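The values are calculated or read from the model by the stated rules, or taken from the named source; none is laboratory data. What you see is a predicted model; the values in this text were computed from it and never measured. Reconstructed Cβ throughout: ideal geometry from the backbone, glycine too, with neighbour counts over all protein chains shown. Only protein heavy atoms, including side chains, enter the accessible area calculation; ligands, DNA and RNA are left aside. Shrake-Rupley method; radii C 1.70, N 1.55, O 1.52, S 1.80 Å.
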Amino acid sequence: MDKRIGILVYRGDKGYGNPAFLRRLVEEGTSMGVEVFVFSPQDVDRIFHQIRGYEPYGAGWKWRWREWPDIVIDYYRYYPLAKHRHYLPVREGSIFRFANNRFANKFRVHQILEQEPEVYQWLPETVPFSKKNLSDMIKKHPRLYLKPSNGTAGRSILRIERKGDRFLLCGRTKKQGQKNEILPNTATLTQRIKQWVEQEKRGDEHFFLQQGLDLGLLSDRTVDARLLIQKDGQGVWRTTGMGMRVGPAHSSTSNLHGGGTALPAGQFLSSRFGVDLAEIIIHQCQELALVTAEKLESHFGQMMEFGFDLGIDTEGRVWIIEINPKPGRDIFRKLGQLSRYRQAVRRPLEYALHLLEKDSLVSQ
């Protein structure tokens, strides 16, 4: 194994946040003849230029001192909290060759894409949370979503629906607790939303309001599409796969972590729109993801993969709900698409090796 790939992640008192995926990365690296190990910022010894690298061992993990990685894939989920204070010095210190650049928060990404003529028409209206914006948006749209700028796995998202003079709230807390509430008027709504933001924000995190879409493809269920786009071993953007996510009854989100179900995209959309329109919708999703990925790279530099959460409304129109630069890929495993899941795990490693090969050609 003459190449070393480090996987930078957060490790807390309870270990890693997604150990099954990290285990698969290390195993796939071994099968490719590449040394892959997992590490966190606290594992970096700059004085002796070595790293405490972790690998699976039985049901757990073991570490040993490793030489400096040739390239690092950044899967660290950063929040502006004290426990993440060691991340930025490692990420921004130019001590590693990274395969993927840092990304902005979700609201900043929306602001950037709003300026792109080829993309903005696919975006729901989105504004920073404030008392005035809440009042204006709830008058304009019968359904809103309140979201944290750095959220993942559907945490802290609150759906707000206007029903006459009353408002229905449905959401999940940062600890994945379910919240449902009926409020009698706008004043009570404003007070409750401010409370939600204060209790749910992490550090100096901000919240934003997003137009709720008519995604009622199934009664009382939140339905959206997850599309994974990745660079392959030649550095070319490819669609790895797409599936539908159906949330539990009355849930505010469709996330699999929150109890959502995965369904094949073609099968589900064909049953709702017919085969011909379903094929058009899937093609539109793929083209939209490719165009958007290239636009994002022009702003943030070299990226490696994106998970697109796409809304498909009752008319078959596609909307960009969220874009995640460090996406999960469990949807393929839950769909029984194991070869696609394996490809989704391997592609970041293949792309990292492609970058190393390019580096060696340049240095010759």
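Cβ-Cβ distance of residue 339 and residue 130, R₀ of 56 Å, FRET efficiency by 1/(1 + (r/R0)^6): the value works out to about 0.75. Within the shell of other residues whose beta carbon sits under 12 angstrom from the beta carbon of residue 195, the net charge comes to +1, with Lys and Arg scored +1 and Asp and Glu -1.
How far, in nm, would the chain grow between residue 181 and residue 83 when pulled straight, counting 0.36 nm per residue and subtracting the alpha carbon separation?
On the way: separation 98, 0.36 × 98 = 35.28 nm, distance 3.28 nm.
Full-extension gain reported as 32.0 nm.
Given the options 343, 312, 361, identify the residue whose Cα lies farthest towards the positive end of the charge dipole of region 303-364 (+1 on Cβ of Lys, Arg; -1 on Cβ of Asp, Glu). Towards the positive end, the residue furthest out is 343. For the chain, relative contact order (Cα pairs under 8 Å, six or more residues apart, normalised by length) works out to 15 percent.
With the cut-off at 1.5 for a/c, could you classify region 1-89 from its C-alpha gyration tensor as rounded, prolate or oblate? If you can, show how the numbers build up before the last one.
Working: a/c = 1.75, a/b = 1.26, b/c = 1.38.
In terms of gyration-tensor shape, oblate.
For mean projected area of the Cα convex hull in nm², one of (1) 16.5; (2) 21.9; (3) 19.3 was computed from the structure I shared and the rest are decoys. Which label? Answer by label: (3). The value of relative contact order for region 1-160, using C-alpha pairs under 8 Å at least six residues apart, is 18 percent. If the label point is 7 Å along Cα→Cβ of residue 358, which residues in region 322-345 have backbone nitrogen under 19 Å from it? The answer is 325-326.
Cα centroid separation, region 184-208 to region 292-364: 32 Å.
Which whole DSSP H helices in the chain pass both tests: a Cα extent of 15 Å or more along the axis and a mean Kyte-Doolittle value no lower than -1.0?
19-31, 186-200, 275-300, 338-363
Report, by chain and number, residues whose modeled amide H sits under 5 Å from the one on residue 141, excluding near sequence neighbours (fewer than 5 apart, same chain). Long-range HN contacts for residue 141: none found.
Rounded to the nearest 20 debye, what is the charge dipole size of the chain about its Cα centre when +1 sits on each Lys and Arg Cβ and -1 on each Asp and Glu Cβ?
On the way: 55 positive and 42 negative charges, 285 e Å.
Roughly 1380 debye, rounded to the nearest 20.
Summarising the amide proton neighbourhood of residue 3: residues at separation of 5 or more, or on other chains, whose placed amide H is nearer than 5 Å comprise 35.
Per residue of the chain, the DSSP helices (runs of n ≥ 4 H) give a summed -39500 (n - 2.57) that works out to -10500 deg cm²/dmol at 222 nm.
In plain terms, the chain is cut at each of the GluC sites (Glu not before Pro) found in a DSSP loop with at most 16 other Cβ atoms within 10 Å, and the longest leftover piece is 126-314.
Summary value for region 229-348: 26 percent relative contact order, contacts being C-alpha pairs under 8 angstrom separated by 6+ residues. Per-residue surface analysis assigns residue 102 an accessible area of about 80 Å², computed on protein heavy atoms at 1.4 Å probe radius.
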